[in-house]
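> Mind looking over this structure? Questions follow.
What follows is calculated from the coordinates using simple rules that are stated; it is not laboratory data. Treat the numbers as computed from the prediction; the structure is a model and nothing was measured. For neighbour counting, all protein chains shown are included, and Cβ atoms are generated from backbone atoms with ideal geometry for every residue, glycine included.
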Amino acid sequence: MLPDPRRALRLLREDLETARRRDPAANSLVEVALTYPGVHALWSHRLAHSLWIRGHRLPARILSSTARVMTGVDIHPGAELGRRLFIDHAIGVVIGQTAEVGEDVVLFHGVTLGGVSMTPGKRHPTVGSHVMIGAGAKVLGPISVGDGSKIGANSVVTHDVPEGAVARPNPRPDTSDAELIVDPSLFRDPSLYI
C-alpha cells in the first residue's frame, strides 16, 4: 500500500527515534514501539493517508476510526502530517481533514486542530515546522501557525500566529480579598478534602 517499503520502514524508525529523543521518560525504542499511543496513531495515520490519497476513502476512514478507538487520537486520513511529529501522551488529540502540520512539531494531549465551519474547502489550521502546541490547546479555523511558534496550554487560537510568536490564554483577572467568600466552618475538618 505504501509505495516504497524501505522508505516506510525508515519513517517508522524515525518516528520511534523522535519519540525517544523528545520524551525523557522513554527508556528504549522497543518501549516506545509497544506502549506509545501517539506513535501508534501516527503509524496508523500514515497508512490511512496513503489509502486516502489513492482514492480508497472508506478503508482509510475505517482504519482511522479503528486507530481512534485504540489510541484515543482522532486524525482524519486527509490531514497532511510532516516528519518527526511527536504527540505526547496523545489522548484526546483531534486533527481535522484539511489540517496541515509541518516537520518537528510537538503536540500534547487534548490538542485540537479543528474547523469553525461545515463548509467544503480548507477548514483547519496550517501549522508550520518546529512548533509546540501545549496540552488542551484548540487551534481553530483555516489559520496559519508560523514556524518556531509556541501555543500555550488551554489556549484557544482563532487568528494567525506569526513565526516565532507565543500564543497563550488570556490571564485571569486578579481577584481582591474582598471578593473572596471564606466560611471558616468549611475548614474545621481537613479530612473533608482528602
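> Among Ser50, Ser64, Ser117, whose mean-square fluctuation peaks in a Gaussian network model of the chain (Cα, cutoff 10 Å)?
Per the Cα network of the chain with a 10 Å cutoff, Ser117 tops the list.
> Rounded, prolate or oblate: which one fits segment 52-126, using the alpha carbon gyration tensor with axes a ≥ b ≥ c (rounded when a/c is under 1.5, else prolate when a/b beats b/c, else oblate)?
Rounded, because the longest to shortest axis ratio a/c is under 1.5.
> Segment 116-162 to segment 57-76: how many Å between their Cα centroids?
Using only Cα atoms to place each centre, the spacing works out to 22 Å.
> Moving on. For a quick check, take a GNM of the chain with Cα springs below 10 Å and name the residue from Ala60, Ala48, Ala26 with the largest mean-square fluctuation.
Ala26
> In debye, nearest 20, what is the charge dipole magnitude of the chain about its Cα centre with +1 on Lys and Arg Cβ and -1 on Asp and Glu Cβ, if you could check?
960 debye
> If R0 is 25 Å, what FRET efficiency do you get for Val116 and Arg168 from their C-beta distance, rounded to 0.05?
0.80
> Separation of segment 4-24 and segment 84-101 by C-alpha centroid, Å?
16 Å
> Next up: State to the nearest 20 debye the size of the charge dipole of segment 69-152 about its Cα centre, where the only charges are +1 on K and R beta carbons and -1 on D and E beta carbons.
So the magnitude is around 160 debye.
> OK, next. Of Ser65, Ser129, Ser28, which has the largest mean-square fluctuation in a 10 Å C-alpha GNM of the chain?
Top of the fluctuation ranking is Ser28.
> Using only DSSP helix segments of four residues or longer, with each worth -39500 (n - 2.57), what per-residue ellipticity at 222 nm results for the chain after dividing by its residue count and rounding to 500?
Rounded to the nearest 500, the figure is -9500 deg cm²/dmol.
> List the trypsin sites (Lys or Arg not before Pro) in segment 17-68 that DSSP assigns to loop (not H, G, I, E or B) and whose Cβ has at most 16 other Cβ atoms within 10 Å. Which are they?
Hits after loop and neighbour filter: Arg54.
> A further question follows. Given the Cα-Cα distance of Ser65 and Ala26 and 0.36 nm per residue of separation, how much length would full extension add, in nm?
Taking Ser65 through Ala26 to full extension adds about 11.3 nm, to one decimal.
> For segment 1-110, build the convex hull from the C-alpha positions and give me its volume per residue in Å³.
Per residue, the Cα convex hull of segment 1-110 comes to 89 Å³.
> Can you match mean projected area of the Cα convex hull in nm² to one of these, (1) 15.4; (2) 14.8; (3) 13.9, based on a calculation from the structure here?
The value matching this structure is (1).
> Can I ask one more? For a label point 7 Å from the Cα of Ala8 along Cα→C-beta, name the residues of segment 18-51 whose backbone N is under 19 Å from it.
So the set is 33-34, 39-51.
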